[in-house]
Amino acid sequence: MKKLLLLALLAIYLPTTLISQRYMTRNGNISFYSTTPLEDIEAHNRQVGVAVDFSDGSLAFRVLIKSFTFEKALMQEHFNANFMTSDKYPTATFNGTIANHSRIDLTRNGVHRVQVTGDLTIRGVTNKVTTTGTIEVKDGKIIGNSEFDVRLRDYNIRRHRAVAEVITIKVNFEASKI
């Protein structure tokens, strides 16, 4: 009886696991860099939630703003209090789709160029973003990389005159099948 129950559970569980096209991580990385006349500004956030579903190409990110770390504590304090008002707007999100997701073979290692389009929400303001990047299939995991520009005024981010008007955002993650 136990063997029959085990076989029945495997028959139900195994096919859904093998054909699952959903991947997730809570350890994605988003960083930005800006050079200024006074000093360079760089921050990293290594606690980014990422979910990808290749059955429909959906891609979602969730970023806790206070998880960005800076070399100098004062920069981090100004970033959260003065620029991002992270108490009022604690997260940034991206919800979009990978345009050519059906061409990615998840059973074979390889690197694939992708185009991603979706809604980026920062400080309660949502704008459409389209960018390119790569999805690498490697030993059952996926590794995503992209880089795109964000114009601060498009998200009502108050800018100090020494900070660049456009910030380059880099995104990378390694996600496992769920």
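Let me check the size of the chain from its C-alpha atoms; what are the radius of gyration and Dmax in Å?
Rg and Dmax of the chain, Cα atoms, are 19.4, 74 Å.
Among all lysine pairs in the range 58-178 that are eight or more places apart or on different chains, how many have alpha carbons less than 29 angstrom apart?
Counting lysine pairs in the range 58-178 gives 16.
For the range 90-178, what is the charge dipole size about the Cα centre, in debye to the nearest 20, if Lys and Arg each add +1 at the Cβ and Asp and Glu each add -1 at the Cβ? Write down the numbers at each step before the final one.
On the way: 14 positive and 9 negative charges, 49 e Å.
Charge dipole of the range 90-178: 240 debye, to the nearest 20.
Relative to the longest principal Cα axis of the chain, at what angle does helix 2-19 sit, 0 to 90 degrees, rounded to 10?
The angle comes out at about 50 degrees.
Sort the range 75-156 into rounded, prolate or oblate with this rule: let a ≥ b ≥ c be the square roots of the eigenvalues of the Cα gyration tensor; rounded if a/c is under 1.5, and if a/c is not under 1.5, prolate when a/b is larger than b/c, oblate otherwise.
Prolate is the answer for the range 75-156, as a/c is 1.5 or above and a/b outweighs b/c.
With a 1.4 Å probe and every protein chain left in place, tell me how much accessible area residue 101 has, in Å² to the nearest 10.
40
Toward the positive end of the charge dipole of the chain, about the Cα centre and with charges on Cβ (Lys, Arg +1; Asp, Glu -1), which of 156, 57, 74 goes farthest?
Projecting each Cα onto the dipole axis, the largest value belongs to 57.
The values are calculated or read from the model by the stated rules, or taken from the named source; none is laboratory data. Computed from a prediction, not measured in an experiment: that's the story for all the values here. Every residue, glycine as well, gets a Cβ built from its backbone with ideal geometry; the counts of neighbours run over all protein chains shown. Just the protein is used for accessible areas: all its heavy atoms, side chains included, with ligands, DNA and RNA removed. Shrake-Rupley method; radii C 1.70, N 1.55, O 1.52, S 1.80 Å.
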